[in-house]
Amino acid sequence: MKFTDEIKRRRTFGIISHPDAGKTTLTEKLLLFGGAIHEAGAVKSNKIKKGATSDFMEIERQRGISVATSVLAFEYKGTKINILDTPGHKDFAEDTFRTLTAVDSVIVVIDVAKGVEEQTEKLVEVCRMRNIPMIVFINKMDREGKDAFELLDEIEQKLNLTVTPLSFPIGMGYDFKGIYNIWEQNVNLFTGDPKKDIEDTIEISDLSSPELDKLIGEKSADNLREELELVDGVYPKFNKEAYLAGNLQPVFFGSALNNFGVRELLDCFVAIAPTPRAKDSDSRTVKPDEKEFSGFVFKIHANMDPKHRDRLAFIKVVSGTFERNKNYLHVRQGKNLKFSSPNAFFAEKKEIVDISYPGDIVGLHDTGNFKIGDTLTEGEILNYRGVPSFSPEHFRYINNADPMKTKQLDKGVDQLMDEGVAQLFTLELNNRKVIGTVGALQFEVIQYRLEHEYGAKCTYENLNVHKATWVEAKDIKSEEFKEFKRVKAKYLAHDKRGQLVFFADSQFSLQMTQQKYPSIKFHFTSEF
Ligand code: G4P
């Protein structure tokens, strides 16, 4: 197959949702359609379950699962689909944000009864800011939930989206009769049989046809006609360019658990979802069909076996082809590396591959060369943008609890930070080390992994910081900046790259500082 055809047939996306909306169930049904798995229950949920086991055991369990589900790839009707896993738990939101830098589009899953939830809001906002094309799937239609129009309103209001339904439910919950597929103009009747994976759809291109009354009853048919008329009058017509530009979001309804409405979603997805997109770097925009390979690391996964310290770095191929045993430039380190056993991912398994195309994810074994955000090329010096660190919200001093193991502790902390588990800051005043995280769970993860993987022990001490912000000064020689550095010396630190960071102890003090030093900018992400 031609290189450009390989690019055209690829769809790399992520599914985002609030925990419990049905992301795992939907993923599984998509894999079933692709023939990648053969039974339900094959995809393990990467949710953190509280209760039965202690938290860190639960985190390890979750980590094990997330290796297996990092990338799930399958073929469907000639397209190669790569699903990138995005943890729903808020403490791991940073992982999800980073993964979103590697997707070309997303599917947003919303629970019909719960509507738009907190994590959905946060993740959709990230996608909206980056103009990532989104399709919305409203799940659990077999249950009583919110009225379809009310929900569409809520999505528009809370998520700031412009929606257009491409399917519409006929009743819901106990009365759920099926869906009308606006995209394909047919009706799919709900039987509630989850095993029915090839759905029989009935063509109804003319809504006034009496056949509709026969199928779902006169009352439901009239109701549906009215609702579809309203849909037609209220919502913009589907327009592929608007969807691809991130300005219009198609909506589907269904029940993932019952494998209902999923085929419609998938067929529309492969028809409209974007092929691998161009990506900005610090020097230029790189297009997927350029001949020379380039890609970037968006995720690093440590080996689950503590005896083997090697890690798997996940690279998104942006342009050209990635080939086994070929030399590539690690731009940050300025050295050439070649990889004898790059992994490609299929549903639930990975295999060594000789060649990967734009849109694909390659897993590289790494003994400590990679950091999240690193770029690989065929020689060109460029760095991909868009894998920032986010301003952490929890802070603690980290202390060495075993002076004999200082080296191990330093190495462990260093590697865990490269993986993106948390961020390390060094206070300017006294060189004390501070760990900052997005979620509180990470402190436990770090302590546990330091002990089990590096043989080092640490303790924490609380630190009252509201937020860390990256400092950008117009002129570092100005009196204003000098005064800021003197007055705020207690609150200044450096991140791992040496960038200056300001620790604000409250929202108020951040505002005051900003007012007092107007020429200094305080950023909430490390990239500005
Ligand atoms: P998540 O990955 O987004 O966190 O959600 P997940 O798929 O694990 O689904 C959360 C719960 O919702 C699961 O039930 C799942 O069976 C259920 N669910 C998913 N889709 C549907 C649907 O279309 N209709 C209905 N009624 N339920 C649905 P659980 O009891 O938490 O887990 P399990 O023990 O069934 O796995």
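Read-outs throughout are calculated quantities, based only on the coordinates presented, and are distinct from any laboratory measurement. Everything quoted here is computed from the prediction, not taken from an experiment. No Cβ is skipped: glycine too gets one built from the backbone with ideal geometry, and neighbour counts run over all protein chains shown.
Assorted remarks:
- Distance between modelled label sites at residue 448 and residue 332, nm, 7 Å Cα→Cβ extension: 2.6 nm
- Under 5 Å from the amide H of residue 146 lie the amide H atoms of 113, each residue being 5 or more positions distant or on a separate chain, with H modelled from the backbone and absent for Pro and chain starts.
- Equivalent ellipsoid dimensions for the chain as semi-axes, Å, which come from the Cα gyration tensor, largest first: 43, 27, 23
- Other-chain or far-sequence residues with amide H under 5 Å of residue 383's (modelled H): 282, 283
- Angle between the chain longest axis and helix 23-33 axis [Cα atoms, degrees, rounded to 10]: 60 degrees
- Karplus 3J(HN,Hα) series, Hz, for the range 233-250 with 6.51 cos²θ - 1.76 cosθ + 1.60 (x for Gly, Pro): x, 8, 9, x, 5, 4, 9, 4, 4, 5, 4, 5, 7, x, 9, 8, 10, x
- Cβ-derived FRET efficiency at R0 35 Å, residue 285 paired with residue 506, nearest 0.05: 0.30
- Shape of the range 466-516, Cα gyration tensor, a/c cut at 1.5: oblate
- Rounded to the nearest 10 degrees, the inclination of helix 148-159 to the longest alpha-carbon principal axis of the chain is 20 degrees.
- Mean separation of Cα contacts under 8 Å (6+ apart) over length of the chain, as relative contact order %: 13 percent
- Relative intensity of the range 72-126 on a log10 scale, I(q)/I(0) at q = 0.16 Å⁻¹, equals -0.57, per a Debye sum over C-alpha point scatterers of equal strength in the absence of solvent.
- For the chain, the longest principal axis of the Cα atoms and the long axis of helix 262-272 meet at an angle of about 70 degrees.
- Descending Cα extents along the principal axes, the range 279-377, whole Å: 41, 29, 21
- Whole-number percent relative contact order across the range 425-523, with pairs defined as alpha carbons under 8 Å at least 6 apart: 34 percent
- Couplings 3J(HN,Hα) for the range 404-418, derived from phi with the Karplus relation 6.51 cos²θ - 1.76 cosθ + 1.60 (θ = phi - 60°), are 6, 10, 4, 4, 4, 5, 4, 5, x, 4, 4, 6, 5, 5, 4 Hz, where x marks Gly and Pro.
- Projecting the Cα atoms of 271, 247, 435 onto the charge dipole of the chain, computed from C-beta unit charges around the Cα centre, puts 435 farthest toward the positive end.
- Residue pairs, from the table 80/326; 457/488; 433/467; 177/214; 279/371; 405/433, whose Cα atoms sit over 22 Å apart: 80/326; 457/488
- Around residue 518: net Lys/Arg minus Asp/Glu count, Cβ-Cβ under 10 Å: +2
- Rounded to 5, the percent of DSSP beta bridges in the chain classed as antiparallel: 80 percent
- Fully extended contour minus Cα-Cα distance, from residue 4 to residue 523, at 0.36 nm per residue: 182.9 nm
- Whole-Hz ³J(HN,Hα) from phi, Karplus 6.51 cos²θ - 1.76 cosθ + 1.60, for the range 483-497, glycine and proline x: 5, 4, 5, 6, 5, 9, 3, 4, 10, 9, 8, 10, 7, 5, 8
- Mean Cβ count within 10 Å, highest first, over the residues of peptides 294-300, 518-524, 244-250: 294-300, 244-250, 518-524
- Put simply, the convex hull of the Cα atoms in the range 188-296 casts, on average, a shadow of 10.7 nm².
- Amide H contacts of residue 346: 73, 351, each under 5 Å away and 5 or more positions distant or on a separate chain (H built 1.01 Å from N in the peptide plane; Pro and chain starts excluded).
- By the compact-protein rule of thumb, 2.2 N^0.38 Å, the alpha-carbon radius of gyration of the range 433-524 corresponds to a ratio of 1.30.
- When the C-alpha to C-alpha distance is required to be over 18 Å, the pairs from 485/516; 474/516; 316/350; 482/516; 146/240 that qualify are 146/240.
- Relative exposure of 332, 130, 486, 98, judged by other C-beta atoms within 10 Å (fewest first): 486, 130, 332, 98
- Cα-based equivalent ellipsoid, the range 295-443: semi-axes from gyration tensor eigenvalues, Å: 31, 17, 15
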